[in-house]
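Values quoted throughout were computed directly from the atomic coordinates according to the rules given, and no laboratory measurement underlies them. In this text, all values refer to a predicted model and were calculated from it rather than measured experimentally. Here the Cβ positions follow ideal geometry from the backbone for every residue, glycine too, while neighbour counts run over all protein chains shown.
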Amino acid sequence: MGTGDKRDPIERGSTDESLRLERHKTDHALAKNADTLGHAAASVLGDAREKADTVLDDARAREDLKTSNDVDHTLQDRRDLSRARAHEDAILSEARQSADVLARNERGQQQIALARLLAFERQDTDLKLELERMRADTLLTSREDFMAIVSHDLRSLLGGIALSAQCMKGVEHSPEPFERVKLYADRIQRFSARMNRLIGDLMDVASIEAGKLALVRSRRDGALLLRDALDAFEEAATQDGIQLSTTCIHEPGVLEVDHDRILQVLTNLVGNALKFTPRGGKIGIAVETREGVVTFSVRDTGEGIERELLGKIFDRYFQSHDIDRRGLGLGLFIAKSIVEGHGGTIWAESEPGLGSAFYFTVPSPP
């Protein structure tokens, strides 16, 4: 299904209609303003010319009065004066016509320039609107694809629980009923734990999107975070033949953080490292304090991450077909939100085939 089939045409049609009406109002206002300015300019010019004509007529009237009383002025003098004035009037009329043409051209050029600027602004608006819609389409498509995966996984886990429960009913005739019950009970427990983690992640994402991710800060020993992360994964690492170690470079001392949330970040990073580190590999958890900043890191000798994916792995609902889908694209997004909620930053470094290193920082209390 194309992305256009998934969008709400009514909502986008409403947006387009609002934009069209706004542009119609702008066009009308500009046209009205241009007419008003044109009329105002013509009125000012007309008033100036009328005053100039009045002054000129008064001056000529006074000159005529003087010459009419002057016996030395002949009829020929009066004719010459009349011809001179007619020539002056012709020159003035031509100058005014040229000025009118120039004024009209200038107003026309201003209107053309304004129309071009308006067209450019509208083109820029259309481009930005289209880009915004493309981003929204991409996010919505990613969200829909992700929810399809979540729905499938939840159904699979529920199916596994139901099947295990059904099998438990028939163990009474088994030669080792207790062992069979324990096997199915362990399986139900694992499925339930995975469902609980998935539902918890979904609730965290909902809180993050609503801007309500809860952080309960308290003063706790920073080194304790490493020990808790080690305790959570040491047995699993041993079973997988992976060496798991911790290192403190300058003891972090007491941190003012949400201990459970920062531990959630660490366990997510260590859990991912376990997924992608082969038997015989190594995972190191470290903490370093320098210049008022505490930096935690998780390094592994796993398969690594492609360079072009490093900038995307913390995005919401990010999924890559090149990466094992045991992670649903939520853990790193949640980790990023938790770290940033503490005023820190998180990033990754990796070379394909050489392993990965994830880092995050939290401020050291004064």
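Please report the projected area of the stretch 144-210's Cα convex hull averaged over all directions, in nm².
With the hull built on Cα positions only, its mean projection is 4.8 nm².
Rounded, prolate or oblate, given the Cα gyration tensor of the stretch 171-225, with a/c below 1.5 counting as rounded?
Details: a/c = 6.71, a/b = 2.19, b/c = 3.06.
Because a/c hits 1.5 or more and a/b fails to exceed b/c, the stretch 171-225 counts as oblate.
What does the C-alpha gyration tensor say about the overall shape of the stretch 218-363? Classify as rounded when a/c is under 1.5, otherwise prolate if a/b is larger than b/c, or oblate.
oblate
For A148 and S218, FRET efficiency with R0 = 41 Å and r from the beta-carbon atoms, rounded to 0.05?
0.55
What ³J(HN,Hα) values, in whole Hz, does the Karplus curve 6.51 cos²θ - 1.76 cosθ + 1.60 give for the stretch 256-269 when θ = phi - 60°, with x put for Gly and Pro?
Using θ = phi - 60°, the values come out as 9, 9, 7, 4, 5, 6, 5, 5, 4, 5, 4, 5, 5, 5 Hz.
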